[in-house]
Amino acid sequence: MEQLYYQIKVAGLTRNLQVCKINDDLSIAYFVLFGDVEMTVKAAEQLIKMAPEHDILITAEAKGIPLIHEMARQSNQNFYIIVRKNKKIHMTDALSVDLKPITTHEMLNLFIDSTEASLMRGKRVLIVDDVISTGESLRAVEELVQKAGGQVVGKMAVLAEGDAKNRDDIIFLEALPLLNNDGTPKQ
């Protein structure tokens, strides 16, 4: 079967995204920042311009890492938090939440260390991700921020996929439609 691609323009750049089948009735255009330095820099630049005042940035492992790093670098922030998919050996008294993302078939746990949690206590926290789709990852990160005593002041992503584009609680650069299995946008 021939590989399908969906073209999108983000932050002034055009990319062809691989169409990946989720089930018999749904495909997505798979957006990956890993390795795309130009897109990461440009998207971070645009998101920073739109970002609310905040004290600390947070993202879920893994695809948001290059973006949050570049946003921190461009805005002269020397620290950000990465929510982990596995409890690491150094994590003492870790906080955790469960989630079921659209791109995996199993339930996941997300973790932050007690040290990272203490850095958010009483702080304005900006959640950043590459794509917001079902909002499940976003919900889980927001729950961790709240458990840590932080105040979520904004939720940002490069792309809002599917119905996420209709949410009024997120800031994003472009909408990305859900796709039929032939690569055409769903209506």
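Structure data summary
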quantity	calculated
Residue check for D130: buried (at least 17 other Cβ atoms within 10 Å of the Cβ) and closer than 23 Å to A11 by Cα	yes
Sole residue being at pLDDT below 90, surrounded by fewer than 17 Cβ atoms within 10 Å (Cβ to Cβ) and at negative phi, chosen from N86, N78	N86
Unique residue being acidic (D, E), in contact (Cβ under 8 Å) with a residue 40 or more places away in the chain and buried (at least 18 other Cβ atoms within 10 Å of the Cβ) when the list is E174, E161	E161
From V131, V97, V145, V141, residue being closer than 30 Å to C20 by Cβ and touching a Phe, Trp or Tyr at 6+ places or on another chain (Cβ under 7 Å)	V131
Given (1) of a type outside the set (K, R); (2) surrounded by 15 or more Cβ atoms within 10 Å (Cβ to Cβ); (3) at pLDDT 90 or above; (4) closer than 20 Å to E161 by Cα, number of the condition L57 does not satisfy	(4)
From L108, L99, L95, residue being in contact with a helix residue (DSSP H, G or I) (Cβ under 7 Å, 6 or more places away or on another chain), among the aliphatic types (A, V, I, L, M) and more than 18 Å from M120 (Cα to Cα)	L99
Single match in A72, A43, A62, A51 (criterion: in contact with a strand residue (DSSP E or B) (Cβ under 7 Å, 6 or more places away or on another chain), free of Cβ contacts under 8 Å to residues at least 40 places away in the same chain and surrounded by 12 or more Cβ atoms within 10 Å (Cβ to Cβ))	A72
Among (1) among the charged types (D, E, K, R); (2) touching a Leu at 6+ places or on another chain (Cβ under 9 Å); (3) in a loop (DSSP other than H, G, I, E, B), the one test that D98 misses	(3)
Single residue of segment 1-34 satisfying the filter (over 29 Å from V153 (Cα atoms) and either in contact with a Pro (Cβ under 7 Å, 6 or more places away or on another chain) or part of a loop (DSSP other than H, G, I, E, B) (or both)) that is most open to solvent (accessible area, probe 1.4 Å)	M1
Tally of residues being in a helix (DSSP H, G or I) and open to solvent by less than 30 Å² (accessible area, probe 1.4 Å) across segment 106-123	2
Matching residues in segment 150-187 - criterion: being over 20 Å from V125 (Cα atoms) and of a type in the set (V, I, T)	T184
Residue selected from segment 146-186 under the condition of a type in the set (D, E) and not in a strand (DSSP E or B), by the criterion farthest from L47 (Cα to Cα)	D182
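The values are calculated or read from the model by the stated rules, or taken from the named source; none is laboratory data. Computed from a prediction, not measured in an experiment: that's the story for all the values here. Cβ coordinates were reconstructed from backbone atoms using ideal geometry, including for glycine residues, and neighbour counts include every protein chain displayed. SASA here: full protein model, heavy atoms, side chains in, ligands and nucleic acids out. Shrake-Rupley method; radii C 1.70, N 1.55, O 1.52, S 1.80 Å.
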